[in-house]
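So the structure is just underneath, and the comments pick up after that.
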């Protein structure tokens, strides 16, 4: 499910800001953006995220602020500055120039001043990261719960519609044999051109066709899968992957039902069931 959460925590001289973003994904995939000096904390960060978020593409951005509000420090290379000054004096002497060596000019030369990450107090930073991450996960959870409630209502409505379609298919199933019997008798009379056809022969063909067209097992399994899906929606634990499996089996039964259909009404019903099952499958990708 999609969601966003942010948190901030300060421990000692270390302040850490965390932002979490999640989008739909079949598995749990985490991308981290954190300062280089906090890289040793990444394994623990990943373990906590994967224990809290079981499914989805997760992007986490971390910013660190050290003492004084910044995590950067300026480093001056005095040896390099002296070398630059000495070189400038030698050039001035060679050119008979009296221009003095300016500190401002030296500071602008490459490598004299370097901006580096301030060393982190890893112990304090780890505690601050734990606090900020906890706050971000809590905010993310609230947003995902709200989306999950809306998603659950939509899935329940679609399951109810599939139940109604399954009930209609159950009512139509016995009529498929009668429809086939009438079509077979009409076709046989057309081909026989007035020759009498033994009734027992026609009955035998109808019986064989009835066995091939029997969809009772498929309809029973369809209802069972729908009941299992409804029970999953009523639970509190993560159910996304189990829903994926059940929907795969649901589609299998609908396809078998379609291959056995011998009436236009049943075929149209199967098309409608396939469309709803596909919508269910798409929505289930958002379920953790």
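The values are calculated or read from the model by the stated rules, or taken from the named source; none is laboratory data. What you see is a predicted model, and the numbers here were worked out from it, not measured in a lab. Positions of Cβ are generated from backbone atoms using ideal geometry, with glycine treated the same way; all protein chains shown enter the neighbour counts.
All but one of (1) over 30 Å from the mean Cα position of the chain (by Cα); (2) touching a residue at least 12 places away in the same chain (Cβ under 8 Å) hold for residue 163; which doesn't?
(1)
Can you tell me which residue within segment 69-102, out of those that are in a helix (DSSP H, G or I) and exposed (fewer than 11 other Cβ atoms within 10 Å of the Cβ), is modelled with the lowest pLDDT? Break it down stepwise before answering.
So the first thing to find is which residues in segment 69-102 are in a helix (DSSP H, G or I), and the list is 78-94.
Checking which are exposed (fewer than 11 other Cβ atoms within 10 Å of the Cβ) leaves us with 78-79, 90, 93-94.
Working: 78: 84, 79: 84, 90: 84, 93: 78, 94: 81.
The selected residue is 93.
So residue 109 fits all but one of (1) under 28 Å from residue 35 (Cβ atoms); (2) assigned to a helix (DSSP H, G or I); (3) over 46 Å from the mean Cα position of the chain (by Cα); what number is the exception?
Just one mismatch for residue 109, condition (2).
Test residue 126 against the criterion of being assigned to a helix (DSSP H, G or I) and either assigned by TED's automatic domain parsing to the domain that holds residue 77 or within 39 Å of the chain's Cα centre (by Cα) (or both), and give yes or no.
Details: assigned to a helix (DSSP H, G or I): yes; either assigned by TED's automatic domain parsing to the domain that holds residue 77 or within 39 Å of the chain's Cα centre (by Cα) (or both): yes.
So residue 126 fits the description; yes.
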